[in-house]
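Working notes, beginning with the structure itself.
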Amino acid sequence: MTTAQAPPLNDSASQVDKSNSRVREMFRQIAPRYDAMNHLLSMNIDRYWRWRAVRRLNMKAGTPILDTCTGTGDLALAIARKAPEKVDVIGSDFCHAMLTIARDKRPRAQSDDSSDQSDISSDQSDDSSNQSRDSGESAARVSFLEADSQQLPFADNQFQCVTVAFGLRNVADTDRGLAEMTRVCTPGGQVMVLEFSQPRMIGLRQVYGFYFRNILPRIGQWFARNDKAAYKYLPESVGQFPDGQELADRMTAIGLTNVRFTPMTFGVATIYEGFKPSDTQHAGQQHADQQHSNQQHADQRGDG
């Protein structure tokens, strides 16, 4: 596949303002139309992206799951519909207005699920082995909590999976957000990021960039009306956010292992996943590091 070094989606030299106060207020203003706007602008493909992400989660019974920057709760509810029994799903976000909508969705989860499945009717036969309950019961296991993803109010090693969908790029400090997700994940558990990314193909990247910079903000401004800056922020934030190998490298630097990423829809969105080292792996790495350090000291003494 041919790639191009095209200009980023945001060619401005100034950094996007991702301060907590700015981002919280922006999402407060667009919250009532957030879901409809996303489905429209993505031509409903965002549902498929979430569906793909949920299918990649290694869920098992008994241990809770956390969805950070949950927004209006779409991913948290989708996870709950597929999770094994006795798994609680918590969605956290620092925008109260978005969480209000998320909580209102819980009684509608069953009808929402049926509509989602009609959109994604293929490749469902292998789900018969999944031990999930019906969507109505699953939705009852979801709770929503107001919390900053850079300071999660949870103990270490608490969640078997920690996810974020289209929210990490809104966090002021990307590495801190990843570090918090990793901290609260259980050893051996999974950290997953679903985020917009930039296509690499020549031609497609340029067309997509033009749409993102010029068409999408105008549609968003007409639809949102109450905050014209919100959908100008979207291409700016995507353009300045690390994607592809760069984000995978950051996840590895945080301490995750087996990090991989899967572009979808020609690279418009990407799933990133990594695993927190188990206690055994951590102990083994410490032992290897100590051996390496001892060898370095021995070499230094020999050189002296």
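The figures follow:
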quantity: Among (1) farther than 23 Å from residue 19 by Cα; (2) of a type in the set (Lys, Arg); (3) surrounded by fewer than 20 Cβ atoms within 10 Å (Cβ to Cβ), the one test that residue 205 misses; calculated: (3)
quantity: Residue within the stretch 81-93 that is under 16 Å from the mean Cα position of the chain (by Cα), of a type in the set (A, V, I, L, M, F, W, C) and modelled with pLDDT of 95 or more present; calculated: yes
quantity: Failed item in (1) crowded, with 18+ Cβ neighbours inside 10 Å; (2) at pLDDT 85 or above, with residue 151 passing the rest; calculated: (1)
quantity: Residue match in the stretch 158-166 (condition: closer than 23 Å to residue 77 by Cβ, in contact (Cβ under 8 Å) with a residue 24 or more places away in the chain, assigned to a loop (DSSP other than H, G, I, E, B) and out of contact with any Gly (no Cβ under 8 Å at 6 or more places or on another chain)); calculated: yes
quantity: Tabulated pairs, the stretch 240-261, first farther than 14 Å from residue 175 by Cα and among the small types (Gly, Ala, Ser), second in a helix (DSSP H, G or I) and modelled with pLDDT under 95, C-beta under 9 angstrom, 6+ apart or interchain; calculated: 244/267
quantity: Some residue of the stretch 176-185 being in a strand (DSSP E or B) and touching a strand residue (DSSP E or B) at 6+ places or on another chain (Cβ under 6 Å); calculated: yes
quantity: Total residues in the stretch 254-285, condition at pLDDT 90 or above and more than 30 Å from residue 208 (Cα to Cα); calculated: 9
quantity: Residue in the stretch 227-250 that is farthest from residue 270 (Cα to Cα), counting only those that are over 15 Å from the mean Cα position of the chain (by Cα) and either modelled with pLDDT of 85 or more or surrounded by fewer than 16 Cβ atoms within 10 Å (Cβ to Cβ) (or both); calculated: 228
quantity: Set 174, 186, 163, 100: member being polar (S, T, N, Q), closer than 18 Å to residue 49 by Cα and modelled with pLDDT of 95 or more; calculated: 163
quantity: Subset of the stretch 33-47 [at pLDDT below 90 and assigned to a helix (DSSP H, G or I)]; calculated: 33, 34, 36, 37, 38, 39, 40, 41
quantity: Criterion: at pLDDT below 75 and crowded, with 18+ Cβ neighbours inside 10 Å - qualifying residue of 224, 288; calculated: 224
quantity: Test for residue 75: is it at negative phi, in contact with a Leu (Cβ under 9 Å, 6 or more places away or on another chain) and part of a helix (DSSP H, G or I); calculated: yes
quantity: Answer from 50, 28 - the residue that is in a helix (DSSP H, G or I) and either surrounded by fewer than 19 Cβ atoms within 10 Å (Cβ to Cβ) or at pLDDT below 95 (or both); calculated: 28
quantity: Test: residue 215 is more than 15 Å from the chain's Cα centre (by Cα) and modelled with pLDDT under 95; calculated: yes
quantity: For residue 206: the one exception among (1) modelled with pLDDT of 95 or more; (2) farther than 16 Å from residue 51 by Cβ; calculated: (1)
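The values are calculated or read from the model by the stated rules, or taken from the named source; none is laboratory data. Remember, predicted model here, so these are calculated numbers, not experimental data. Backbone-built Cβ (ideal geometry, glycine too); neighbour counts: all protein chains shown.
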